[in-house]
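Since the structure comes first, as structure tokens, the remarks are kept for the end.
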Amino acid sequence: MVYSGDSYSRTGFHYNLTGLNSKKNPSTKNPLGNPSWPGKTSTGGANWVGYFGTKFNSTLTLLWNYASSGCVIDRAVVPPRLPKYLTFVDQVGFFNASIANRPEYAPWTPENSAVGIWFGINELGRTKYFPARNLTEVIPRMIESLGAQAQILHGIGLRNFAFLEIPPLGLVPGVRVLRDLDELKTGLYVSTFNYHLRKMVKSFDETNSDTKVSLIPVEDIFWDAVMRPEVYGAANSTCWSRQGRDCLWWDGFHPAQAIHSAIAHRVAEA
């Protein structure tokens, strides 16, 4: 399984440590390869990447996870907050530089591989630089670039794609208190992004008839957690904990383990 995304998906994987150093490769002992399980995540434990590969998968699933914190889709469209942060474009390049040629230590095939793609969250913080009316221009360009990178991955040989929608970010405690991101603009961003993502995924599916394409909605998962926090092991809908087990949130901006487990379950069912 190949992953691309931001801090919602990261596990701290370093692809450049793999290859000849077999101890760093994803394996039966550690599906993440590196670092040690459950990785360096933003949940206090496993995230949806880890849960998908273990808890909700009965077969051996090796996880090549190129996701990293702060990532956006394409810096030419919406740049990341800091120059050091990477992009989906970069991550596709890393995949191409590491296992795209199906080396002996990662002999994947179109039939036994899949890619999970979850982007669009970090761009919300950057939209304060765009008037609301310009979101309708910027977001389609973001999605166009995302689709172009997915098409590159298809060209390399991947044939199973899962695209995740972005969650209702207005529910995230840290977003609620940001003065420069009002509720209406946040809602507009999320709905517009997901609308164009759905259109792109439909087109991608129609263009690539040899490919299984899944769109993963997550809005209802977040709403269910906020409306019924006790079901997710939390006392209320706003607390956060760095342990990631007794609250819905790991910090003000990242969901904790219970929400990630629900997301992984949905991806596994797709």
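The values are calculated or read from the model by the stated rules, or taken from the named source; none is laboratory data. These numbers come from a predicted model, not from an experiment. Don't worry about glycine lacking a Cβ; one is built from the backbone with ideal geometry, like all the others, and counts go over all protein chains shown.
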>> Here is a list: LEU60, LEU32. Which entry is within 30 Å of ASP246 (Cβ to Cβ) and out of contact with any Asp or Glu (no Cβ under 6 Å at 6 or more places or on another chain)?
In response: LEU32
>> Take the residues in the stretch 231-254 that are among the hydrophobic types (A, V, I, L, M, F, W, C) and touching a residue at least 60 places away in the same chain (Cβ under 8 Å); name whichever of them is farthest from ILE121 (Cα to Cα).
In response: TRP240
> Which one of the conditions (1) surrounded by fewer than 16 Cβ atoms within 10 Å (Cβ to Cβ); (2) under 23 Å from ILE259 (Cβ atoms) does ARG81 fail to meet, given that it meets all the rest?
Replying inline: (2)
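Out of curiosity, is ASN101 buried (at least 21 other Cβ atoms within 10 Å of the Cβ) and polar (S, T, N, Q)?
It is false that ASN101 is buried (at least 21 other Cβ atoms within 10 Å of the Cβ) and polar (S, T, N, Q).
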>> Which of the numbered conditions does PRO79 fail, given that it passes all the others? Conditions: (1) in contact with a Ser or Thr (Cβ under 7 Å, 6 or more places away or on another chain); (2) not in a helix (DSSP H, G or I).
In response: (1)
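With the requirement that a residue be over 12 Å from the mean Cα position of the chain (by Cα) and of a type in the set (Ser, Thr, Tyr), what does the stretch 51-86 give you?
Matches in the stretch 51-86: TYR51, THR54, SER58, THR59, THR61, TYR85.
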> In the set ASP210, ASP205, ASP220, ASP224, which member is surrounded by fewer than 19 Cβ atoms within 10 Å (Cβ to Cβ) and over 30 Å from GLU144 (Cβ atoms)?
Replying inline: ASP224
> PRO217 versus (1) farther than 17 Å from SER42 by Cβ; (2) in contact with an Asp or Glu (Cβ under 6 Å, 6 or more places away or on another chain); (3) in contact (Cβ under 8 Å) with a residue 60 or more places away in the chain: which is the lone unmet condition?
Replying inline: (3)
>> With at pLDDT below 95, surrounded by 14 or more Cβ atoms within 10 Å (Cβ to Cβ) and within 26 Å of PHE253 (Cα to Cα) as the only criterion, which of THR127, THR136 stands out?
In response: THR127
> Regarding ASN34, is this residue more than 17 Å from the chain's Cα centre (by Cα) and either at pLDDT 95 or above or not hydrophobic (A, V, I, L, M, F, W, C) (or both)?
Replying inline: yes
> Which condition number does GLU206 fail, the rest of (1) within 27 Å of PHE56 (Cβ to Cβ); (2) free of Cβ contacts under 8 Å to residues at least 60 places away in the same chain being met?
Replying inline: (1)
> What is the residue count in the stretch 101-130 for residues that are at negative phi, within 20 Å of the chain's Cα centre (by Cα), not basic (Lys, Arg) and not in a strand (DSSP E or B)?
Replying inline: 9
>> Checking the structure you have, find out if any residue of the stretch 59-74 is part of a loop (DSSP other than H, G, I, E, B), out of contact with any Pro (no Cβ under 8 Å at 6 or more places or on another chain) and modelled with pLDDT under 95.
In response: yes
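Residues checked against (1) in contact with a His (Cβ under 9 Å, 6 or more places away or on another chain); (2) crowded, with 18+ Cβ neighbours inside 10 Å:
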| position | (1), (2) |
| --- | --- |
| TYR8 | yes, yes |
| THR41 | yes, yes |
| ALA46 | yes, yes |
| LEU60 | no, no |
| VAL77 | no, yes |
| THR109 | no, no |
